[in-house]
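Peer 1: Dropping a structure here in structure tokens format, bear with me for questions.
The values are calculated or read from the model by the stated rules, or taken from the named source; none is laboratory data. Just so it is clear, the model here is predicted, and its values are computed rather than measured. Glycine gets a Cβ as well: all are built from the backbone with ideal geometry, and neighbour counts include every protein chain shown.
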Amino acid sequence: MTKSVHPSQCWECNTYCGSLISKRNGEILKIGPNPDHPGSKGAFCVKGIRAVREWTDNKNRLLFPMRRVGARGSGEWKRISWDAALDEMADRLAAVRSKYGPMSIAGAVSGAAFSRGAVMALLMRSIGSPNWMINQDLCGGCQALSEKITGIPMKNGEDIDNAQCAMLVGRNPYAADPTQWRALKALKKRGGQIVVIDPIQGPASRIADVYLRPRPGTDAALALSIAHLLVKWGSYDSEFVERWCHGFEQYKKRIDKFSPEVAARLTGVSISDIVAAAKAYSAGPSVFVPGHGIDAFSAGVQTFRAFDCLVAISGNLDRLGGNRLTKKPKGFRTYLDLIHDPQFRLPVEVERQTIGAKEFPLWSGPEGWQTACHNPSVIEAVLTGRPYPVRGMYISGVNIVVTYPDATRTIEALKSLDFVAVATQNLNPTSAFADIVLPKTTTLEEEEVQLLWGGPCIGYTNPVLAPRGEARSDLDIALALRDELATRDALAKDFLPWPDQRSFNEYLLGESGIKIEELQAKGFSEFPYKLRNFEETGFPTVSGKVELYSEKLKTLGLDPLPNYVQPNADLAGPEERSHFPLILLTGLREKTYHHSRFRDQDWARRISPDPIVQIHPVTAAEYNICDTEWVSIQTSGVSTKSRARAQLSENTPRGVVSTGMGWWEPFSDDPEMGARDININGAMSYGGPWDPVTGSSDSRGRRCRLTPV
Ligand SMILES: Nc1nc2c(c(=O)[nH]1)N[C@H]1C(S)=C(S)[C@@H](COP(=O)(O)OP(=O)(O)OC[C@H]3O[C@@H](n4cnc5c(=O)[nH]c(N)nc54)[C@H](O)[C@@H]3O)O[C@H]1N2
Ligand SMILES: Nc1nc2c(c(=O)[nH]1)N[C@H]1C(S)=C(S)[C@@H](COP(=O)(O)OP(=O)(O)OC[C@H]3O[C@@H](n4cnc5c(=O)[nH]c(N)nc54)[C@H](O)[C@@H]3O)O[C@H]1N2
Ligand code: SF4
Ligand SMILES: [Mo]
């Protein structure tokens, strides 16, 4: 009997918790937290302990490539060899490419937080297409773009451990992030203050010293008002502002308008609570802890700009106990570095044709954050041929039928394509519409090296298991497909120069001096860094300073200053209000599931068998809705509905209802597996209004109605 312990990390979500994996005779005995990990410091969750193992050894695990035999979406499959799968995929993609051109092929993936994102981008570029689709318009994109525009990349650099005050805005760390939750409880214990801004009461608001409950989508007014008070009280960092902030005078004029009286009127929060939040935040060091609750909506960038500028002027930027700027070891390459490296880029005239680049130049195309395209516009292109046809798609590591809004349109688009291939670990509502499905490795079977902003450190995922069945990693699939396309003369250029995952990972480590062996032994590698070395680094903006006033936004004809934007739900006329009287929030996280993942695991289904929609008892009574009863949810402008069980709760304010996401039915006979029944995105629109920078649509704050079924 041989026993061993392997330091690794879980990356089922981008908390990236350090893990210790015990093995006996080649099989996993236990997965648990690594208390020495500088990022997670021993925090962990049930998904890391349990779900990922069952995900790997699930009875539903896809183990072999398969070809569709019935009609698309009929759910009938036949096992084929990898050779046959790659042959057919290459033939069909090459045919699409020669008929409609390289840009008619698009790739979909979650994004560049994982190696599979970079691999998808480079595979598409090798084909000659700049069109790869990412999730971030639905997740974190507004935050990232605001930070980029303002010049302060600080995502995941929240130093709660050294803070005196944490201000949570639209964040539910109890369910979403055990590392943050651990740190917040410790902060509370040592007498620090917690400010929570969230329309829905939850575990965080219950431990808050100051709890602000704004109307959904109005948070920017709170940030501008807190800044207003800090400047009025003289409790901002005037030295930093003087030396490092661009446009303070214009910014000051803007925040002048946001007295607590004005903000109270816009948000529904009391004046005294706004003042209390400003007092707590100004005491410092204070850390801003944002979440998805203020991201992924049509005013997401402006909302983040309002908070980011507050972080800057309050002196909490890159400060112990504040928001640390991204650090990385010298010579190390991140996935984003790779994507932007000139040697891996298509000609700029081609990148300019990325779908979405004209409308959202800071999102898509040559100047874009990840260069990826605008998803709803790609779906439009599939269905209408405008701005040009998209006829083939390769989807990997994303379940777009469930997680993109408007499942009906996504399904229609997939059905109409000339060719669709999906790489996945299990059959799901997206793979249901594929011609070919490919079995993918799980995080226990892959080696991954990445920068963890949180540590900060370089994190390492140890491939502790050999791939089950015939599963392959994204890079291996991409390399094999590239070779097949090359023999068919269907490549623009080869942008995948690595023979295997190890050499890819060594390329990322670059000249950092960090070796794979060290990572294997420890599971991570820390590196030295400095705080507030602004004289050395400057800020990556036009002015070289933190741009309170954004020169980039001005050039694009957008508001260069952070502002409050009225929520779309407020713009509805009397008829829409009477038909759709309630405001819908989506995305409520559950500890058991990760978006659409783990939906086929018995233990999780026992804890959480059905989707729920939370509703205030008084509102429920108004619409004859009883507790635990199934209701249909319909939003304004969308004809399809979604079902969920009502949960009467005073956590939700009157007139607002809140539901989760990611639901589908793995064991259903329905070939769509519930994607247009219990999936909230069956009832959501992916159309505009879009955030003018990221193209994000409102994933919450939509007008809706609930009807008992
Ligand atoms: N267990 C589990 N953990 C996860 C995930 C998962 O699926 N399962 N997903 C991961 C991913 S990718 C993400 S993006 C994160 C998401 O996790 P979080 O960043 O915590 O985001 P949400 O849970 O969507 O919403 C957080 C809070 O925002 C509030 N909110 C809604 N609308 C508004 C608003 O207008 N203003 C304010 N101030 N608050 C609002 C909601 O009531 C909620 O309490 O979780 C990550 N962690
Ligand atoms: N209405 C509404 N829609 C939303 C949201 C919302 O709040 N409301 N939230 C949005 C957010 S924040 C996000 S992040 C997206 C999530 O959207 P998705 O990324 O689509 O969600 P997942 O279910 O996490 O992953 C989908 C597929 O990725 C693959 N995959 C999963 N884990 C791994 C892995 O470890 N390795 C590899 N190689 N592949 C893997 C699997 O095939 C899995 O089925 O959904 C967004 N959609
Ligand atoms: S929070 Fe859970 S799922 Fe996310 S990385 Fe940590 S252990 Fe894995
Ligand atoms: Mo997300």
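Peer 1: If you go through region 281-292 one residue at a time, do you hit one that is under 19 Å from Ser146 (Cα atoms) and either assigned to a helix (DSSP H, G or I) or over 29 Å from the mean Cα position of the chain (by Cα) (or both)?
Peer 2: Yes, region 281-292 contains at least one residue that is under 19 Å from Ser146 (Cα atoms) and either assigned to a helix (DSSP H, G or I) or over 29 Å from the mean Cα position of the chain (by Cα) (or both).
Peer 1: Filter region 140-158 down to residues that are among the polar types (S, T, N, Q) and away from ligand 4 (no atom under 13 Å from the Cβ) and give me whichever is surrounded by the fewest Cβ atoms within 10 Å (Cβ to Cβ).
Peer 2: Ser146
Peer 1: A follow-up question, please. Collect the residues in region 426-446 that are of a type outside the set (A, V, I, L, M), part of a loop (DSSP other than H, G, I, E, B) and over 12 Å from Arg472 (Cα atoms), keeping them in residue-number order.
Peer 2: Asn428, Pro429, Thr430, Asp435
Peer 1: Among Asp161, Asp137, which is the only one that is within 16 Å of ligand 4 (Cβ to nearest atom) and modelled with pLDDT of 95 or more?
Peer 2: Being within 16 Å of ligand 4 (Cβ to nearest atom) and modelled with pLDDT of 95 or more holds for just one of Asp161, Asp137, which is Asp137.
Peer 1: Based on this model, can you work out whether Ser8 counts as within 23 Å of the chain's Cα centre (by Cα), within 16 Å of ligand 1 (Cβ to nearest atom) and of a type in the set (Ser, Thr, Tyr)?
Peer 2: Against the criterion (within 23 Å of the chain's Cα centre (by Cα), within 16 Å of ligand 1 (Cβ to nearest atom) and of a type in the set (Ser, Thr, Tyr)), Ser8 does not qualify.
Peer 1: Are there any pairs with C-beta distances below 8 angstrom linking a residue in region 169-190 that is basic (Lys, Arg) to a residue that is more than 13 Å from ligand 3 (Cβ to nearest atom) and part of a helix (DSSP H, G or I), with the two at least 6 apart or on different chains, and if so which?
Peer 2: Listed by first residue and then by second, the contacts come to Arg171/Ala204; Arg171/His292; Arg171/Gly293.
Peer 1: Does Glu590 count as assigned to a loop (DSSP other than H, G, I, E, B) and of a type in the set (Asp, Glu)?
Peer 2: Yes.
Peer 1: In addition: Of the numbered conditions (1) surrounded by 22 or more Cβ atoms within 10 Å (Cβ to Cβ); (2) touching a strand residue (DSSP E or B) at 6+ places or on another chain (Cβ under 6 Å), Asn462 fails exactly one; give the number of that condition.
Peer 2: Result: Asn462 fails condition (1) only.
Peer 1: Identify, please: which residue in region 9-30 is over 18 Å from Tyr593 (Cβ atoms) and crowded, with 20+ Cβ neighbours inside 10 Å and is, among those, modelled with the lowest pLDDT?
Peer 2: If we take residues in region 9-30 being over 18 Å from Tyr593 (Cβ atoms) and crowded, with 20+ Cβ neighbours inside 10 Å, then Tyr16 is modelled with the lowest pLDDT.
Peer 1: Sort out which residues of region 198-216 are in contact with a helix residue (DSSP H, G or I) (Cβ under 8 Å, 6 or more places away or on another chain) and without any contact (Cβ under 8 Å) to a residue 40 or more places away in the chain, and write them in order of number.
Peer 2: Within region 198-216, Pro203, Ala204, Ile207 meet the criteria.
Peer 1: Of all strands (runs of 3 or more DSSP E) completely enclosed by region 614-674, which ones contain at least 1 residues that are over 24 Å from the mean Cα position of the chain (by Cα) and of a type outside the set (Val, Ile, Thr)?
Peer 2: Hits in region 614-674: 630-635, 642-648.
Peer 1: Test each condition in (1) in a helix (DSSP H, G or I); (2) more than 11 Å from ligand 1 (Cβ to nearest atom); (3) crowded, with 24+ Cβ neighbours inside 10 Å for Ala166 and report the one that comes out false.
Peer 2: Among (1) in a helix (DSSP H, G or I); (2) more than 11 Å from ligand 1 (Cβ to nearest atom); (3) crowded, with 24+ Cβ neighbours inside 10 Å, the lone unmet condition for Ala166 is (1).
Peer 1: Glu470 is checked against (1) assigned to a loop (DSSP other than H, G, I, E, B); (2) without any contact (Cβ under 8 Å) to a residue 24 or more places away in the chain and fails just one. What number does that condition carry?
Peer 2: The number of the failed condition is (2).
Peer 1: While we're looking at this one, here's another question. Can you find even one residue in region 73-87 that is of a type in the set (Phe, Trp, Tyr) and under 23 Å from Ile339 (Cα atoms)?
Peer 2: For region 73-87, residues of a type in the set (Phe, Trp, Tyr) and under 23 Å from Ile339 (Cα atoms): absent.
Peer 1: For Leu266, are the conditions met, namely being of a type in the set (A, V, I, L, M, F, W, C), under 24 Å from Ser298 (Cβ atoms) and more than 12 Å from ligand 1 (Cβ to nearest atom)?
Peer 2: Criteria met by Leu266.
Peer 1: Taking the options Phe240, Phe288, Phe258, name whichever one is aromatic (Phe, Trp, Tyr), more than 23 Å from Arg654 (Cβ to Cβ) and in contact with a Gly (Cβ under 6 Å, 6 or more places away or on another chain).
Peer 2: One residue alone meets the criteria, Phe240.
Peer 1: Still on this structure, I have one more. Just the residues that are more than 15 Å from ligand 1 (Cβ to nearest atom) and among the hydrophobic types (A, V, I, L, M, F, W, C), please, taken from region 121-144.
Peer 2: The answer is Ala121, Leu122, Leu123, Met124, Ile127, Trp132, Met133.
Every residue, every condition in (1) surrounded by fewer than 16 Cβ atoms within 10 Å (Cβ to Cβ); (2) closer than 29 Å to Gly75 by Cβ, yes or no:
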position: Ala604; (1), (2): no, yes
position: Pro611; (1), (2): no, yes
position: Lys641; (1), (2): no, yes
position: Ala644; (1), (2): no, yes
position: Val657; (1), (2): no, no
position: Arg705; (1), (2): no, no
position: Pro708; (1), (2): yes, no
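Peer 1: Also, I was wondering about something else. For region 293-334, which residues satisfy the criterion of being closer than 14 Å to Glu147 by Cβ and either within 16 Å of ligand 4 (Cβ to nearest atom) or at pLDDT below 95 (or both)?
Peer 2: Ile294, Asp295, Gly300, Phe304 - these are the residues of region 293-334 that are closer than 14 Å to Glu147 by Cβ and either within 16 Å of ligand 4 (Cβ to nearest atom) or at pLDDT below 95 (or both).
Peer 1: Another question, then. Collect the residues in region 527-585 that are touching a residue at least 60 places away in the same chain (Cβ under 8 Å), under 30 Å from Ala620 (Cβ atoms) and over 25 Å from the mean Cα position of the chain (by Cα), keeping them in residue-number order.
Peer 2: Within region 527-585, Ala572, Glu576, Arg577, His579, Phe580, Pro581, Leu582 meet the criteria.
Peer 1: Then there is this: Return a yes/no flag: does region 527-541 have any residue that is of a type in the set (Ser, Thr, Tyr) and in contact with an Asp or Glu (Cβ under 7 Å, 6 or more places away or on another chain).
Peer 2: yes
Yes/no matrix, rows are residues, columns are (1) modelled with pLDDT under 95; (2) away from ligand 2 (no atom under 16 Å from the Cβ):
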| residue | (1), (2) |
| --- | --- |
| Arg53 | yes, no |
| Glu88 | no, yes |
| Ser98 | no, yes |
| Val109 | no, no |
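Peer 1: Another question, if that's okay. Looking at Ser110, is it out of contact with any strand residue (DSSP E or B) (no Cβ under 6 Å at 6 or more places or on another chain) and either within 16 Å of ligand 3 (Cβ to nearest atom) or among the acidic types (Asp, Glu) (or both)?
Peer 2: So Ser110 fits the description; yes.
Peer 1: Looking at Ala183, Ala208, Ala175 in this structure, which one is touching a Phe, Trp or Tyr at 6+ places or on another chain (Cβ under 9 Å) and either away from ligand 2 (no atom under 16 Å from the Cβ) or more than 13 Å from Ala263 (Cβ to Cβ) (or both)?
Peer 2: Result: Ala175 is the single residue among Ala183, Ala208, Ala175 that is touching a Phe, Trp or Tyr at 6+ places or on another chain (Cβ under 9 Å) and either away from ligand 2 (no atom under 16 Å from the Cβ) or more than 13 Å from Ala263 (Cβ to Cβ) (or both).
Peer 1: Please go through region 376-425 and give me each residue that is touching a residue at least 24 places away in the same chain (Cβ under 8 Å), of a type in the set (Ser, Thr, Tyr) and not in a loop (DSSP other than H, G, I, E, B), ordered by number.
Peer 2: Within region 376-425, Ser377, Tyr394, Ser396, Thr403, Thr408, Thr410, Ser416, Thr424 qualify.
Peer 1: List the number of the failed condition for Thr2; all other conditions in (1) of a type in the set (Ser, Thr, Tyr); (2) touching an Asp or Glu at 6+ places or on another chain (Cβ under 9 Å); (3) more than 15 Å from ligand 3 (Cβ to nearest atom) hold.
Peer 2: Thr2 satisfies all of (1) of a type in the set (Ser, Thr, Tyr); (2) touching an Asp or Glu at 6+ places or on another chain (Cβ under 9 Å); (3) more than 15 Å from ligand 3 (Cβ to nearest atom) except (2).
Peer 1: Identify, by number, the condition in (1) over 30 Å from Asp237 (Cα atoms); (2) surrounded by fewer than 21 Cβ atoms within 10 Å (Cβ to Cβ) that Ala569 doesn't meet.
Peer 2: That leaves (2) as the condition not met.
Peer 1: Mind checking whether some residue in region 522-535 is under 30 Å from Gly315 (Cα atoms) and of a type in the set (A, V, I, L, M)?
Peer 2: Within region 522-535, one or more residues are under 30 Å from Gly315 (Cα atoms) and of a type in the set (A, V, I, L, M).
Peer 1: Examine region 201-215 for a residue that is under 30 Å from Lys554 (Cβ atoms) and surrounded by fewer than 21 Cβ atoms within 10 Å (Cβ to Cβ), and state whether such a residue exists.
Peer 2: Yes, region 201-215 contains a residue that is under 30 Å from Lys554 (Cβ atoms) and surrounded by fewer than 21 Cβ atoms within 10 Å (Cβ to Cβ).
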